[in-house]
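Colleague: Once you've had a glance at the structure underneath, I'll fire off some questions.
The values are calculated or read from the model by the stated rules, or taken from the named source; none is laboratory data. These figures come from a predicted structure and were not determined experimentally. Please note: Cβ atoms are built from the backbone with ideal geometry, for glycine as well, and neighbour counts cover all protein chains shown. With ligands, DNA and RNA removed, areas are computed over all heavy atoms of the protein, side chains included. Shrake-Rupley method; radii C 1.70, N 1.55, O 1.52, S 1.80 Å.
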Amino acid sequence: METLLLDPDDVSAGAHTSELIVAVEEAFAAYERGDIKMPAKSYIDLPEYNGDFRSMPAYMKADDWDAAGIKWVNVHPDNPDDHDLPTVLGTMIYSDPTNAVPLAIMDGTTLTRKRTGAAAAVATDHLAVADASTLGIIGAGVQSYTQLEAISEVRDIETVVVSDLREEAVERFIDRFGDEFDVREGSPAEAAACDILSTVTPVEHPIVPDGAVGKHTHINAMGADAPGKHEIEDALLERATLVIDDYEQCTHSGEINVPWSQGLLDDEDIYGELGAIVTDKLPARGEEGGPTGVTVFDSTGLAIQDVAAAHVVYEQASERDIGTPFQLVDTRV
């Protein structure tokens with residue numbers, strides 16, 4: 001039994017956005033049904049390097065497939081300036097749950113970006129107004145690209161307002177998407193006024209002002225993934241309909257973690273988890289009893305999303321002879 005080695009180009013080739021969105025939605029559904037095994041994300045904090053490592057193992061069972069895997073990933077904010085590397089690097093091991101054979105080792109950095117965009121698309125599909133055509137993005141790093149690519153699969157996006165303190169990052173984003181969308185630079189407030197807003201920054205002081213958002217704006221809060229991170233003003237979180245991916249992770253390290261720790265938010269302020277909406281246990285926007293005003297999806301990232309995305313990539317790679325097969329482990333009995 002050989003293992004597939006899948007580099008960034010291989011992962012990109014196999015990670016069809018439309019298929020990733022379906023698989024990630026299946027992951028949220030499996031989560032809600034209890035058809036998963038997902039130990040808590042473990043951290044190795046390295047303050048001496050201003051970073052950390054995280055291990056994310058999981059197993060999930062969808063309707064007609066199951067899969068297991070583990071992602072070894074980091075967050076080192078100084079990487080771009082000090083080492084000319086991405087802030088987040090990851091490696092994914094994708095295994096056959098029936099016999100534990102490692103089917104693939106793949107670039108988890110590209111996988112993370114792709115599945116995070118897909119998660120935002122799933123939330124957007126259930127929580128944004130049906131005729132949403134404008135998308136604001138705060139943070140023009142690499143994650144912003146997959147936000148637009150995925151969200152434009154579920155809504156007919158025409159105009160994009162991108163905001164970032166780094167002018168060169170904004171210029172790169174506009175160069176990439178200017179031929180496909182009406183893309184312009186704007187302030188955080190201008191981005192927040194769009195029908196949909198995705199925030200993908202590592203800030204610890206809110207940059208999304210309460211008074212700037214539209215009456216029905218849906219916000220994908222993607223940046224907060226550690227205690228202390230906080231992109232959206234408390235007043236906005238207090239009045240919005242809050243949808244989370246995982247209770248423990250969000251209250252510990254998601255967008256709501258700071259106001260939660262201060263007692264400004266509690267259980268009564270949470271509408272529910274996205275899995276409950278995906279499985280129709282809670283109504284989505286546009287359905288009777290569903291959200292009508294500002295909605296916020298607090299995404300911390302779940303290991304089952306990585307497993308679901310790895311499943312898509314591996315299946316595509318196997319069908320299309322993508323990647324490099326090699327003998328990784330001794331399978332002799």
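Colleague: Contact list please: Cβ distance under 7 Å, first residue in the range 254-268 and under 14 Å from Asp298 (Cα atoms), second residue in a helix (DSSP H, G or I) and open to solvent by 10 Å² or more (accessible area, probe 1.4 Å), pairs at least six apart or on different chains.
Modeller: Going by the 7 Å Cβ cut-off, the qualifying pairs are Asn257/Thr251; Pro259/Asp234; Trp260/Thr251; Leu265/Glu238.
Colleague: If you check Ala123 against the conditions, is it surrounded by 24 or more Cβ atoms within 10 Å (Cβ to Cβ) and closer than 17 Å to Ala27 by Cβ? Full working, then the answer.
Modeller: Details: surrounded by 24 or more Cβ atoms within 10 Å (Cβ to Cβ): yes; closer than 17 Å to Ala27 by Cβ: yes.
In short, yes.
Colleague: Is there any pair linking a residue in the range 194-215 that is free of Cβ contacts under 8 Å to residues at least 40 places away in the same chain and closer than 18 Å to Ser253 by Cα to one that is of a type in the set (D, E, K, R) and surrounded by fewer than 18 Cβ atoms within 10 Å (Cβ to Cβ), with Cβ under 9 Å and at least six apart or on different chains, and which?
Modeller: That search, which allows pairs on different chains as well, returns Pro206/Asp234.
Colleague: Restricting attention to the range 251-279, which residues are under 15 Å from Ala119 (Cα atoms) and in a helix (DSSP H, G or I)?
Modeller: Leu274, Gly275, Ala276, Ile277, Val278
Colleague: Same structure again: Hey, can you tell me all the residues within the range 78-118 that are more than 20 Å from Ser12 (Cα to Cα), in a loop (DSSP other than H, G, I, E, B) and either among the charged types (D, E, K, R) or open to solvent by 60 Å² or more (accessible area, probe 1.4 Å) (or both)?
Modeller: Asp78, Asp84, Asp96, Thr98, Asn99, Ala100
Colleague: Residues in the range 119-137 that are of a type in the set (A, V, I, L, M) and either part of a strand (DSSP E or B) or in contact with an Asp or Glu (Cβ under 8 Å, 6 or more places away or on another chain) (or both): how many?
Modeller: Adding up the residues that qualify gives 8.
Colleague: Being touching a helix residue (DSSP H, G or I) at 6+ places or on another chain (Cβ under 8 Å), closer than 23 Å to Ala132 by Cα, open to solvent by 10 Å² or more (accessible area, probe 1.4 Å) and outside any helix (DSSP H, G or I) is the requirement here; does Leu282 meet it? Spell out the reasoning first.
Modeller: Numbers: touching a helix residue (DSSP H, G or I) at 6+ places or on another chain (Cβ under 8 Å): yes; closer than 23 Å to Ala132 by Cα: yes; open to solvent by 10 Å² or more (accessible area, probe 1.4 Å): yes; outside any helix (DSSP H, G or I): yes.
In short, yes.
Colleague: I need a count of the residues in the range 1-22 that are hydrophobic (A, V, I, L, M, F, W, C), touching a helix residue (DSSP H, G or I) at 6+ places or on another chain (Cβ under 8 Å), in a helix (DSSP H, G or I) and farther than 14 Å from Thr110 by Cα. Give the steps one after another, and end with the answer.
Modeller: Of the residues in the range 1-22, the ones hydrophobic (A, V, I, L, M, F, W, C) are 1, 4-6, 11, 13, 15, 20-22.
Right, trim to touching a helix residue (DSSP H, G or I) at 6+ places or on another chain (Cβ under 8 Å) and you get 4, 6, 11, 13, 15, 20-21.
After this cut, where a residue has to be in a helix (DSSP H, G or I) as well, the list is 11, 13, 20-21.
Adding the requirement that they be farther than 14 Å from Thr110 by Cα leaves 21.
Residues meeting the conditions: 1.
Colleague: Shifting gears a bit: Output the qualifying pairs, or none if there are none: Cβ atoms under 8 angstrom, residues six or more apart or on different chains, first residue in the range 24-50 and without any contact (Cβ under 8 Å) to a residue 60 or more places away in the chain, second residue open to solvent by 40 Å² or more (accessible area, probe 1.4 Å) and assigned to a strand (DSSP E or B).
Modeller: Every condition considered, the pairs that remain are Asp35/Lys61; Lys37/Tyr59; Tyr43/Phe53; Ile44/Phe53; Leu46/Phe53.
Colleague: Please specify each residue of the range 168-218 satisfying the condition of being at pLDDT 95 or above, more than 21 Å from Asp131 (Cβ to Cβ) and charged (D, E, K, R).
Modeller: Scanning the range 168-218 gives Glu168, Glu171, Arg172, Asp175, Arg176, Asp179, Glu185, Asp210.
Colleague: Those residues that are open to solvent by 40 Å² or more (accessible area, probe 1.4 Å), assigned to a strand (DSSP E or B) and of a type in the set (D, E, K, R), I need them from the range 23-77; list them, please.
Modeller: Selection gives Lys37, Asp45, Lys61, Asp66.
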